[in-house]
1. Going by amide H atoms built from the backbone, whose H comes under 5 Å of the H on Ile115, apart from near neighbours?
2. Just to check I understand the Karplus step: with θ = phi - 60° and J = 6.51 cos²θ - 1.76 cosθ + 1.60, what whole-Hz values come out for the stretch 35-44, glycine and proline as x?
3. Hey, can you grab everything whose amide H is under 5 Å from the amide H of Ala31? Only 5+ residues off in sequence or another chain; H modelled, so Pro and N-termini drop out.
4. Have a look at the DSSP beta bridges in the stretch 16-173 and tell me what percent are antiparallel, nearest 5.
5. Separation between the Phe110 and Glu93 pseudo-spin-labels, each 7 Å from Cα along Cα→Cβ, expressed in nm?
6. Mind listing the phi-derived Karplus ³J(HN,Hα) values for the stretch 140-152, rounded to whole Hz, using 6.51, -1.76 and 1.60 with θ = phi - 60°, and x for any glycine or proline?
7. So how far apart, in nm, are the two label points at Arg164 and Gln151 if each is 7 Å from Cα heading toward Cβ?
8. To the nearest 20 debye, what is the magnitude of the charge dipole of the stretch 16-173 about its Cα centre, counting +1 on the Cβ of each Lys and Arg and -1 on the Cβ of each Asp and Glu?
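Each reported figure results from applying straightforward, stated rules to the coordinates on display, with no laboratory input. Predicted model, so just to flag it, every value in this text is computed and none were measured. Neighbour counts are summed over all protein chains in view; Cβ atoms, including those assigned to glycine, are modelled from backbone coordinates with ideal geometry.
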Amino acid sequence: MGLEEQLPAGILLSTVETLAGYVRKGSLWPATFGLACCAIEMMATASPRVDIARFGMERFSATPRQADLMIVAGRVSQKMAPVLRQVYDQMVEPKWVLAMGVCASSGGMFNNYAIVQGVDHVVPVDIYLPGCPPRPEMLLHAILKLHDQIQQMPLGVNRQEAVRAAESAALAATGPGSHEGPPR
């Protein structure tokens, strides 16, 4: 004999956070940051075979001001790192980052001075997608995992505190001075 039995038919009980999470997860607009071979697999995700449009991602945004998901596909050079950060800063809140491929996640096989050893040294990353290159189905699976994270994300002041804590933890994990950009 709960509250749901006392309400008339057609009444939906939910919290604002649950409803907002449901709406946000179904309307992601990705900004593509294709830097290497992973970008080809990312483009294949929009093809009819995988059909990412069924999850509300009708188009890939050309401008960061209209995007809320950045997919970094491929290795990031030291010269590209400030540009990546600038694009991230221009994105609207709330925003998420997906590191696609082993090069974006950890630098991959390029362990030298010219390549950033993981995009998390530049921007906070929400989902890491392994593979060289990952298949379009893997990207779709990672986006669905991101949908689950978005559904659970708090709103308002609680969300801002959670984002600040996650970003400071990510910057602390990369070590002192490594998030300041490339050496000049």
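1. Amide H to amide H, under 5 Å and 5 or more residues apart or across chains, Ile115 pairs with Gln78.
2. Once θ is set to phi - 60°, the couplings for the stretch 35-44 become 10, 7, 5, 5, 5, 5, 5, 5, 5, 5 Hz.
3. Ser61, Asp68, Leu69, Met70, Ile71
4. On the way: 1 of 15 bridges.
Of those bridges, close to 5 percent are antiparallel.
5. The answer from the label model is 3.2 nm.
6. Once rounded to whole Hz, the list reads 4, 5, 5, 5, 5, 5, 5, 4, 5, 5, 5, 4, 8.
7. Those two pseudo-labels are separated by 2.9 nm.
8. Details: 14 positive and 13 negative charges, 51 e Å.
That gives a dipole near 240 debye.
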